[in-house]
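Read through the structure below, which is laid out as structure tokens, and then see the notes.
The values are calculated or read from the model by the stated rules, or taken from the named source; none is laboratory data. This is a predicted model, so every value here is computed, not measured. Note: ideal-geometry Cβ built from the backbone for every residue, glycine included; neighbour counts use all protein chains shown.
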Amino acid sequence: MTLSPEAIKRRADYDGDSPFPEAVHDFTASRFQIGLTAALVVIPLAALGAGVWLAWGNGLALHDLLLAGVLYVVTGLGVTVGFHRLLTHGSFTARPWLRVALAIAGSMSFQGNVVDWVAIHRRHHAFTDRPGDPHSPYRYGTSLRGQLRGLAHAHLGWMFTGDPTPAARYAPDLLADPAMVKVARAFPALSAGSLALPFLAGWAISGSLYGGLTTFLWAGLIRVALLQHITWSVNSLCHVMGSRPFRTRRHDRATNLWPLALLSFGESWHNGHHSEPTCARHGMDRHQIDPSAGFIRLLERLGWAEAVRWPDPHRMESRRSGASE
């Protein structure tokens with residue numbers, strides 16, 4: 001994304017409250033992108049209604065819920081540990097096979113291919129809550145109307161805008177990695193596999209197509225919907241509500257939102273993350289549950305993860321909002 005001198009000046013002059021300069025243009029994606037994105041958002045949610053209707057009076061099969069939980073954890077950690085902490089921020093280094101395995105698991109979450117995901121998130125950190133941020137809830141200003149519109153934009157509206165993030169600028173390291181390029185190209189197939197796997201497992205366990213269908217709904221589409229909205233809530237809610245115990249860069253309003261901590265695998269300790277983006281642990285205090293950090297600790301003990309960037313207690317204390325400079 002090449003910026004004109006005028007656009008650069010507008011960003012430098014941003015006051016933290018006004019709508020972003022680019023907001024007035026309301027870039028519109030192509031019809032194909034809008035249709036595809038709408039399908040990826042609407043179909044998993046519609047599956048929830050279908051799943052509830054089918055379960056009414058019949059109950060839920062235990063294997064449906066167990067498979068949904070297992071796939072939620074596998075694909076969720078693929079996003080939080082693989083896409084985010086490893087590939088975006090380099091919070092640790094991993095064995096080549098583990099790097100690929102995490103990228104594959106994250107790709108099965110229906111959140112886009114690994115290269116684009118990393119590029120968009122790095123751009124978010126480069127321009128957090130100021131012009132250039134692809135999904136800031138402050139895009140339309142800080143008025144009540146602007147905030148409500150901004151929350152909708154940050155949660156999922158940004159995916160419908162024609163504002164591409166160039167991977168060559170934000171993720172050149174992944175483009176230079178043949179393994180990551182192959183995983184990115186395999187995204188459609190991995191997404192299909194993410195739904196085919198629970199269907200086939202449910203069919204095999206129950207011995208019926210109906211059993212395959214219910215597993216497809218709960219461990220496939222409904223699991224995808226839950227993980228999508230938890231991830232998107234970190235983009236939206238975790239920049240508007242919650243606590244901000246640590247200092248971040250100017251205009252950066254990232255917050256800690258504890259109710260989402262478990263389902264987001266520790267990603268909702270967002271203020272801690274934005275204060276120290278390369279740290280492998282986002283929940284900086286002892287009582288803050290961070291399953292992703294626990295998984296990285298396990299990988300480290302197994303010898304599969306190295307050079308892990310754990311929090312420096314003295315540095316984090318110095319970054320607390322009430323600490324003296």
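Couple of notes before you dig in:
- Per-region count, the range 107-134, residues among the small types (Gly, Ala, Ser) and assigned to a helix (DSSP H, G or I): 3
- Filter pass, residue 183 being over 17 Å from the mean Cα position of the chain (by Cα), assigned to a helix (DSSP H, G or I), buried (at least 21 other Cβ atoms within 10 Å of the Cβ) and touching a residue at least 24 places away in the same chain (Cβ under 8 Å): yes
- If you filter the range 256-303 down to residues that are in a loop (DSSP other than H, G, I, E, B) and in contact with a strand residue (DSSP E or B) (Cβ under 6 Å, 6 or more places away or on another chain), you find that the one that is surrounded by the fewest Cβ atoms within 10 Å (Cβ to Cβ) is 288.
Okay, residues lined up against (1) under 25 Å from residue 160 (Cβ atoms); (2) among the aliphatic types (A, V, I, L, M); (3) touching a Pro at 6+ places or on another chain (Cβ under 9 Å):
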residue: 226; (1), (2), (3): yes, yes, yes
residue: 240; (1), (2), (3): yes, yes, yes
residue: 258; (1), (2), (3): no, no, no
residue: 267; (1), (2), (3): yes, no, no
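Per-residue answers, yes or no, for (1) charged (D, E, K, R); (2) under 19 Å from the mean Cα position of the chain (by Cα); (3) within 23 Å of residue 75 (Cβ to Cβ); (4) modelled with pLDDT of 95 or more:
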| position | (1), (2), (3), (4) |
| --- | --- |
| 112 | no, yes, yes, no |
| 117 | no, yes, yes, yes |
| 122 | yes, yes, yes, yes |
| 131 | no, no, no, no |
| 140 | no, no, no, no |
| 144 | no, no, no, no |
| 156 | no, yes, yes, no |
| 161 | no, yes, no, no |
| 174 | no, yes, yes, yes |
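- Inter-residue pairs, beta-carbon under 6 Å, first hydroxyl-bearing (Ser, Thr, Tyr) and in the range 269-286, second buried (at least 24 other Cβ atoms within 10 Å of the Cβ), 6+ apart: 278/91
- Annotation: of all residues in the range 135-180 being among the small types (Gly, Ala, Ser), touching a residue at least 40 places away in the same chain (Cβ under 8 Å) and part of a loop (DSSP other than H, G, I, E, B), the one that is farthest from residue 254 (Cα to Cα) is 162.
- Selection within the range 297-318 - at pLDDT below 95 and acidic (Asp, Glu): 312, 317
- The residue that is modelled with the highest pLDDT, counting only those in the range 29-88 that are exposed (fewer than 14 other Cβ atoms within 10 Å of the Cβ) and polar (S, T, N, Q), is 58.
- Just one residue in the set 243, 206 is small (Gly, Ala, Ser) and crowded, with 17+ Cβ neighbours inside 10 Å; that residue is 206.
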